[in-house]
Structures are given as C-alpha cells and as structure tokens.
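The values are calculated or read from the model by the stated rules, or taken from the named source; none is laboratory data. Owing to the predicted nature of the structure, the values given are computational and were not obtained by experimental measurement. Note that each Cβ is placed from the backbone with ideal geometry, even for glycine, and that neighbours are counted across all protein chains shown. Just the protein is used for accessible areas: all its heavy atoms, side chains included, with ligands, DNA and RNA removed. Shrake-Rupley method; radii C 1.70, N 1.55, O 1.52, S 1.80 Å.
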Amino acid sequence: MTNFKELRTQDISKGLLSHTYSDTQPLIDLTSPALKMVNNFTQKDPLRAHYETNIVDALKQTNNQHTDFILVVDDKEKLLGVVSSADLQSSKIMMLAQRLNVSREDVSLRHVMTPIAHLTGVSMQSLGYACIGDALQTMEHHGIMFLLVTTAHNEICGLISAREIAKTLQIPVHISPIAHGFSEVLEQVEHPH
C-alpha cells in the first residue's frame, strides 16, 4: 500500500446528514464539469459516414447506432464535417431538395453537414477546467451546435453537442447559426414564393 496516499479526513462528530439531494434534482447541471458532456472518440468510436451517403441511409445509421450525430468523412477518412440526426429530419431537407432539383432521397450528407471550417475546437485540457455552461456559451457565441474537442497535438478526439446538453439537462438551447457568406444569409431568409 505504499503507492497510495491517505485521504484527508473530516470531523463527523456532529452526525449531521445532508439533505441536499433529492430525486427531482438533476444529477448534472450547467455548473457540472464540461468533460461530462464530451463524446470521447477514444472511448467510443463515433459513427462515420462518407459525404456521398444519402440522408435516408444516414438516418437509419443514427437510429441503429443510437447516436445523435455523424462524422462526415471523405475517401481517406478525413473529417469534412458533422451532421446531427435532427438535421437529417428537418424540414430544410425538402427545401434543399427542391433547390437542388432532386428527390429527398438524393440529398447527401455533403449538402446538410456543418463543414469543419464552420466549427470550433477547444482542447480537452481546457475543458478540464470548464463547466457545461462555459461550453454552451462558447457554442452560442460561435453559432454552432457542435464543439470539437482536441488533444494536446490538435487532433480531434471528441465533441460536445448542444442538443445533447439540452436533452440531458432538460433545458432549452437557442443557438442562432452565423452565416459565413452572402449565400448562407439568403438561405436563412424565408422566400415568399
């Protein structure tokens, strides 16, 4: 037992029992460590799909794998972007199919993914000092639904999903996407025709 340290002990002589826990109290909240919300790719291999995968097949994969996101990759497994299962079911898919003049089944992941260039990364080390609220604030500030997590060598090793935070904490999340060009501004505007 020489490899271990003795823990600092506390005075318990008053015999006071804590009554702060209740079944209705969430086990996790915005002040909880951000690391609790990281989908760590070193612990669980994330769902990947080729950018030409159609959205119908992609949605089946998310349902079969019980995941809320897909990493969109190219032929060499390089990460191109991320797409959520909610995006695959969104009404925007039909509008996109009409704009591309294709059927819904012919819309592929490359059409609906959030490109990696529009995402932001934070280090796993910095998340070690952050709470969930900090991660969510970062996503809101950047207008992104996913926050990529990196190693000390700047390799992507995980992600945090705003939708997963909302679902886990049972809170509303209001993230407005930031347009990265004039064409994206036009896509966000409802057209009256």
Of residues in the stretch 118-161 being free of Cβ contacts under 8 Å to residues at least 24 places away in the same chain and under 20 Å from F69 (Cβ atoms), the one surrounded by the most Cβ atoms within 10 Å (Cβ to Cβ): T138
Report yes if some residue within the stretch 148-159 is of a type in the set (A, V, I, L, M, F, W, C) and at pLDDT below 90; otherwise report no. yes
Of all residues in the stretch 162-177 being at pLDDT below 90 and surrounded by 13 or more Cβ atoms within 10 Å (Cβ to Cβ), which is nearest to A117 (Cα to Cα)? P177
What are the residue pairs meeting all of these: first residue in the stretch 61-80, first residue farther than 17 Å from S108 by Cα and open to solvent by 20 Å² or more (accessible area, probe 1.4 Å), second residue of a type in the set (A, V, I, L, M, F, W, C) and at pLDDT 90 or above, Cβ atoms under 6 Å, and 6 or more apart or on different chains? Q65/L47; T67/L47
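Table: residues versus (1) more than 19 Å from P46 (Cβ to Cβ); (2) hydroxyl-bearing (S, T, Y).
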{"position": "S91", "(1), (2)": "yes, yes"}
{"position": "M95", "(1), (2)": "yes, no"}
{"position": "Q98", "(1), (2)": "yes, no"}
{"position": "N101", "(1), (2)": "yes, no"}
{"position": "E105", "(1), (2)": "yes, no"}
{"position": "R110", "(1), (2)": "no, no"}
{"position": "G133", "(1), (2)": "yes, no"}
{"position": "F146", "(1), (2)": "no, no"}
{"position": "V149", "(1), (2)": "no, no"}
State yes or no: is E52 in contact with a strand residue (DSSP E or B) (Cβ under 6 Å, 6 or more places away or on another chain) and part of a loop (DSSP other than H, G, I, E, B)? yes
Quick check on my filter: what residues within the stretch 122-149 are in contact with a strand residue (DSSP E or B) (Cβ under 6 Å, 6 or more places away or on another chain) and over 23 Å from I28 (Cα atoms)? H142
Tell me, yes or no, whether the stretch 57-73 has at least one residue that is over 14 Å from L159 (Cβ atoms), in contact with a helix residue (DSSP H, G or I) (Cβ under 6 Å, 6 or more places away or on another chain) and β-branched (V, I, T). yes
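Where in the stretch 61-141 are there strands (runs of 3 or more DSSP E), lying wholly inside it, with at least 2 residues that are within 21 Å of S32 (Cα to Cα)? Write out each step before concluding.
Details: elements: 69-73, 79-84, 120-123.
Because the criterion is at least 2 residues that are within 21 Å of S32 (Cα to Cα), the strands (runs of 3 or more DSSP E) in the stretch 61-141 that meet it are 120-123.
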